[in-house]
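Trainee: Once you've had a glance at the structure underneath, I'll fire off some questions.
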Amino acid sequence: MKRRKFLKNSSLTSAGILSASILTSCKTEEKKETIVAVTSSIKPIVIATWNVPNSTAEAWNVLKKGGNSLDAVEIGVQMEEADVSNQSVGKGGRPDRDGNVTLDACIMDSKGNCGAVVYMQNITHAISVARKVMEETPHVMLAGKGAEQFAYEQGFPKEKLLTEKSKTEWLEWKKESKYAPVINIENHDTIGMLAIDAEGDISGACTTSGMAYKMAGRVGDSPIIGSGLFVDNEIGGATATGQGEEIVKTVGSFLVVELMRQGRSPQEACEEAVNRIIKNEPDYENIQVGYIAINKNGETGGYCIHPGFSYRVFSEKGHENVDSRSYL
Ligand code: SD4
């Protein structure tokens, strides 16, 4: 059989959708010609943990103009970092038990490059410092004072992150100093975001102030590549929220992506990753963990231990908040 292949690329539509059709013409020995059309279309999409419509809308704006997924996730999560009413991310975040707001963030692009900052103070846009670590240094992760110093060198302004509201709540907490994170409240709203652009490239970002009233020096899953976030451009991406210790112990986001590589859907992969935590953690009823995932085809999924977790999806089909399925 002789094969001739024709590749036909359509141009970008106004909605930012790139579609490619591969037409394969097969000539049989009997000179009968059959045309097999294989159509694959790349549709930009962005998803994020929790109900963060401003962030997903901002990221979608980048994608619909033909921007790349790395810019989309960075600009998207910056919205939450700057929003002082979100007390789990950036400025306004709840402090550790000593009253210091310390930020963790990481970013990963479609080529497998990544950058992270951990335990960084006084800088609002931890995600952008993480991106600078990725792009401007030979390293993957900078911590504490080193990360802060690097941020100043890159031109980031020094800012006070502890707001009056978070300070008042912390002072109230200090009266008993009981460390008992309230499910879906004190560990709520860490933003993990995944996007696919018109080229089909996937990037992800994750940023948080971590668990409220954590020990000084504590770092969770969110800035750890493979735990709070993982992207493999051939397969898909995953990101996490909730009690970071459990996510780190199971290398959760990497696990979700590897499960998708083995053929699971994003939904099935998130469910299996949560099940692994439950299997090894007798105290799971007092813990919240949520995963979201996206695969190369733009299919999405999410799963968590306790009800109450949701994730935001923005695609050409619209903008919606999806209540995640849960184990309990
Ligand atoms: C952490 N995973 O530091 C983060 C907390 C979180 O929504 O997700 N908050 O463990």
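Any read-out appearing in this document is the output of simple, stated calculations on the displayed coordinates, not a laboratory observation. Values in this document were obtained by computation on a predicted structure and should not be read as measured data. Glycine also receives a Cβ, built like all others from the backbone with ideal geometry; neighbour counts cover every protein chain displayed.
Trainee: In debye, nearest 20, what is the charge dipole magnitude of the chain about its Cα centre with +1 on Lys and Arg Cβ and -1 on Asp and Glu Cβ, if you could check? Mind showing how you got there, number by number?
Mentor: Values: 36 positive and 43 negative charges, 188 e Å.
Here the size comes out at about 900 debye.
Trainee: How much net charge surrounds Leu255 when only the other residues with a Cβ under 15 Å from the Cβ of Leu255 are counted, with Lys and Arg +1 and Asp and Glu -1?
Mentor: -3
Trainee: Which of the peptides 261-273, 286-298, 91-103 is most tightly packed, and how do the rest follow, judged by the mean count of other Cβ atoms within 10 Å per residue?
Mentor: 286-298, 91-103, 261-273
Trainee: Taking amide hydrogens as modeled 1.01 Å from N in the peptide plane, which residues meet the under 5 Å criterion relative to Asp96, leaving out close sequence neighbours?
Mentor: Distant-sequence amide H within range of Asp96: Val101, Thr102, Tyr213.
Trainee: Okay, next question. List the relative contact order of segment 241-321 as a percent without decimals, with contacts defined as Cα pairs under 8 Å and 6+ residues apart.
Mentor: 28
Trainee: OK, next. Would you mind counting up the charge near Glu281? Only other residues with Cβ under 12 Å from its Cβ, with Lys and Arg at +1 and Asp and Glu at -1.
Mentor: -1
Trainee: For a 23 Å ceiling on Cα separation, which of these pairs sit above it: Lys160/Lys214; Lys91/Lys132; Lys132/Lys158?
Mentor: none
Trainee: So, one more: Have a look at Ile47, Ile277, Asn68 and report the one farthest towards the positive end of the charge dipole of the chain, computed about the Cα centre with Cβ charges (Lys/Arg +1, Asp/Glu -1).
Mentor: In the chain, that residue is Asn68.
Trainee: Mind putting a number on the dipole of segment 220-328 about its Cα centre? Charges go on the C-beta only, +1 for Lys and Arg and -1 for Asp and Glu, and I need it in Debye to the nearest 20.
Mentor: 160
Trainee: Around Val322, which amide H atoms from residues at least 5 apart in sequence, or from another chain, sit under 5 Å from its own amide H, with H modelled in the peptide plane?
Mentor: Tyr311, Arg312, Val313
Trainee: Taking only C-alpha pairs under 8 Å that are 6+ residues apart, what is the relative contact order of the chain in percent?
Mentor: Dividing the mean separation by the residue count of the chain yields 18 percent.
Trainee: Can you tell me which of 215-221, 52-58 comes out highest on packing, and rank the rest after it, using the mean Cβ neighbours within 10 Å?
Mentor: Averaged packing, sorted descending, gives the order 52-58, 215-221.
Trainee: Counting Lys and Arg as +1 and Asp and Glu as -1, what is the net charge of the other residues whose Cβ lies under 12 Å from the Cβ of Asn54?
Mentor: Net charge in that neighbourhood comes out at -3.
Trainee: What are the ³J(HN,Hα) couplings of segment 161-176, residue after residue, when phi is run through the Karplus curve with 6.51, -1.76, 1.60 and θ = phi - 60°? Round to Hz, x for glycine and proline.
Mentor: After applying 6.51 cos²θ - 1.76 cosθ + 1.60, I find 9, 7, 8, 4, 4, 5, 5, 4, 5, 5, 4, 5, 4, 4, 4, 10 Hz.
Trainee: What order do you get for 274-283, 152-161, 121-130, 299-308 when each peptide is scored by the mean count of other beta carbon atoms within 10 Å, highest first?
Mentor: Details: 274-283: 15.0, 152-161: 13.1, 121-130: 26.2, 299-308: 21.6.
Order by mean packing, descending: 121-130, 299-308, 274-283, 152-161.
Trainee: Sticking with this structure for a sec: Around Asn122, which amide H atoms from residues at least 5 apart in sequence, or from another chain, sit under 5 Å from its own amide H, with H modelled in the peptide plane?
Mentor: Placed amide hydrogens put Leu161 under 5 Å from Asn122.
Trainee: Here is a follow-up. Would you mind telling me which residue in Thr239, Thr208, Thr137 has the biggest mean-square fluctuation in a Gaussian network model of the chain, where springs connect alpha carbons within a distance under 10 angstrom?
Mentor: Thr137
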